[in-house]
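Engineer: My questions all concern the structure below.
The values are calculated or read from the model by the stated rules, or taken from the named source; none is laboratory data. Every value quoted in this text rests on a predicted model; they were computed, and no experiment measured them. Here the Cβ positions follow ideal geometry from the backbone for every residue, glycine too, while neighbour counts run over all protein chains shown.
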Amino acid sequence: MPEGPEIRRAADQVAAAIKGKKVERLFFAFEHLKAYEQQLAGTTVQAVDTFGKAMLTRFSNGMNIYSHNQLYGRWYCTKAGEQPDIGRQLRLAIYCPRDAALLYSASEISVLLNDEIGNHPFIKKLGPDVLHPDTEMTTITRRLREKRFHKRQLGSLLTDQSFVAGLGNYLRCEILFVAGLSPTQRPKQLDNYSLEQLATAILELPRQSYQSGGITNELSRARQLIEEGASFEEARFHLFRREGKPCYHCGTAIVRTIQAGQPTYLCPHCQKFSV
């Protein structure tokens, strides 16, 4: 599933294509949304925002299109009249005079008025967005100490969107590695230094991933690996999807386990934890 950085980059692409432009026509694949096609035609796209892994496209008439890519959704931006041959089902299309934004394969799409946004079932449960500039380290450390969170195992807590919004599986694995913590540790077991290290990683890695196009590895190391012939996917992570390969820090083989139903990657040496 795309995580916060990927959705934010998709929002940037959609905004670059259609923000500030008049909508000539709009297409919804779902019958219950068809009535909105006429209501949104002729409006102007005012903004494209993200809430964690969700996107909100705002229009000048006070309506907003909420979309969540889930596992398979994907945005494409094209010239008006062009439609990529990608073997996916078109779910939403926003056509402007010269450009279009097309959403394929997503099933979570709705239309909201401005005053309905805060009550949307997904949005109203979100914690602070890790990519939002107002989300600071003190906010994260305070939440780690809250009673509703401080007894949770970190491996499941980090992907709970009510704790913080925008983290998924690759980010939780990379964050815990950078913080030197085991997925089975809990915030209540950490001293102030470890809490601060974790809070820093929770903010810095998603922001680096967003700015770099998906790299959570050390940027200099990733560049060197690519120069030496590694693919982008091979170079972008510290340990995610690197099962059996040596840790870049200590040489120990990366281990893959399952936690909360998701594959978890860790270094048994760098993330050692004894009860």
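Engineer: Please list, ordered by residue number, the helices (runs of 4 or more DSSP H) wholly in region 105-190 having 3 or more residues that are within 30 Å of I86 (Cβ to Cβ) and out of contact with any strand residue (DSSP E or B) (no Cβ under 6 Å at 6 or more places or on another chain).
Structural biologist: Values: elements: 137-145, 154-157, 169-179.
Output list reads 169-179.
Engineer: Tell me which residues, restricted to region 217-253, are among the small types (G, A, S) and crowded, with 16+ Cβ neighbours inside 10 Å. Let's see the steps before the verdict.
Structural biologist: From region 217-253, those among the small types (G, A, S) are 220, 222, 229-231, 235, 244, 251, 253; that's our starting set.
Hits for region 217-253 are A222, A235.
Engineer: Next up: Return the total of residues in region 260-274 being of a type in the set (S, T, Y) and either touching a residue at least 24 places away in the same chain (Cβ under 8 Å) or touching a helix residue (DSSP H, G or I) at 6+ places or on another chain (Cβ under 7 Å) (or both). Please lay out each step first, then the result.
Structural biologist: In the first step, residues of region 260-274 are kept if they are of a type in the set (S, T, Y); the result is 264-265, 274.
From the residues that got through so far, the ones that are either touching a residue at least 24 places away in the same chain (Cβ under 8 Å) or touching a helix residue (DSSP H, G or I) at 6+ places or on another chain (Cβ under 7 Å) (or both) too are 264-265.
Count: 2.
Engineer: Got a sec? Which of Y265, Y193, Y248 is hydroxyl-bearing (S, T, Y) and in a helix (DSSP H, G or I)? So that I can check it myself, show each step before the final result.
Structural biologist: Values: Y265 fails: in a helix (DSSP H, G or I); Y248 fails: in a helix (DSSP H, G or I).
Every option except Y193 fails the conditions.
Engineer: So is Y66 among the hydroxyl-bearing types (S, T, Y) and in contact with a helix residue (DSSP H, G or I) (Cβ under 8 Å, 6 or more places away or on another chain) or not?
Structural biologist: Yes.
Engineer: Further question: Kindly evaluate R256 against the criterion of being of a type in the set (D, E, K, R), out of contact with any Asp or Glu (no Cβ under 7 Å at 6 or more places or on another chain) and in the same structural domain as D160 (by TED's automatic domain parsing).
Structural biologist: Numbers: of a type in the set (D, E, K, R): yes; out of contact with any Asp or Glu (no Cβ under 7 Å at 6 or more places or on another chain): no; in the same structural domain as D160 (by TED's automatic domain parsing): yes.
In short, no.
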